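Structure, as structure tokens:
The values are calculated or read from the model by the stated rules, or taken from the named source; none is laboratory data. Every value quoted in this text rests on a predicted model; they were computed, and no experiment measured them. Cβ placement follows ideal geometry from the backbone for every residue including glycine, while neighbour counts extend to all protein chains displayed.
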Amino acid sequence: MIRYEGLRKTYGRVLAVAGLDLEVRAGETLALIGPNGSGKSTTLKAAVGLVRPSAGRVLVDGVDVALGPEARAGLGYLPQRVSFAEGVTARVAMRLYARLRGAAPGEVERLLDRVGLGDSADRVTDGFSGGMRQRLGIAVALLGRPRVLLLDEPSAALDPTGALVVRDLIGGIAAEGATVLLSSHDLAEVSALADRVAIFAGGRVTALGTVAELEERAGACGLEPVYRRFAEGLAPACPMRVA
């Protein structure tokens, strides 16, 4: 569904992504984890055309996303920092984005209800909590019924309750067959949602596989020691789990 072919991105002398070859399969949830500055956000932005590759390309359904907006029409994107115009309500914000995305008018109310904001639709978003803002961002990303969702730190800065609500939303979307590519620092979230995990370090993928496969390779039990091994180069914090 999404294929990165030799993706390389530099910002001046800074190498953000170094020759990434990665495929996100149709219908799977793939999580990107790694330290800040390891290339996760750049990887997501390249798929929605917000970052122009220095080399290589990104394909969605076999079409190069650099060819134009039509190649990205089936994508939904949640940025790391969600913001809305001052003084607008959730409903007004959704209607604006619905027009931009060419979504059916009825989707606005349906999606507001789905993310649990139906009763807050006429509240000004300036007063929203972090969790409410994230849920509204997910609703915007779902406009137009996208086949692919790209979510950059969907639970960032949320309290435990908000993080669980967002996690359940993403899990439900994935269960309906959407392809989901997300980045996260929340290893519990990744363990709960991801079919496969790609660990980034220094702009490169240092490990890729299911959690069980990565545990076996690292000689570790749990995603935290796996992360320590492949992202930080540290010895696993516990011995390999034996079936």
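Would it be correct to say that L32 is out of contact with any Phe, Trp or Tyr (no Cβ under 7 Å at 6 or more places or on another chain) and crowded, with 21+ Cβ neighbours inside 10 Å? Taking the combined requirement at face value, the residue does not satisfy it.
Filter segment 85-126 down to the residues that are among the small types (G, A, S) and on the phi < 0 side of the Ramachandran plot and list them by number. If the condition is that a residue be among the small types (G, A, S) and on the phi < 0 side of the Ramachandran plot, then A85, A90, A93, A98, A103, A104, G106, G118, S120, A121 are the ones that fit. For R135, indicate whether it is more than 30 Å from R228 (Cα to Cα) and at pLDDT below 95. Here the answer is yes, as R135 does meet what is asked.
Per the conditions (1) surrounded by 16 or more Cβ atoms within 10 Å (Cβ to Cβ); (2) among the charged types (D, E, K, R); (3) under 22 Å from Y11 (Cβ atoms), the sole criterion not satisfied by R57 is (1).
Remark: G203 matches the filter, which requires a residue to be on the phi > 0 side of the Ramachandran plot, in contact with a strand residue (DSSP E or B) (Cβ under 7 Å, 6 or more places away or on another chain) and crowded, with 20+ Cβ neighbours inside 10 Å.
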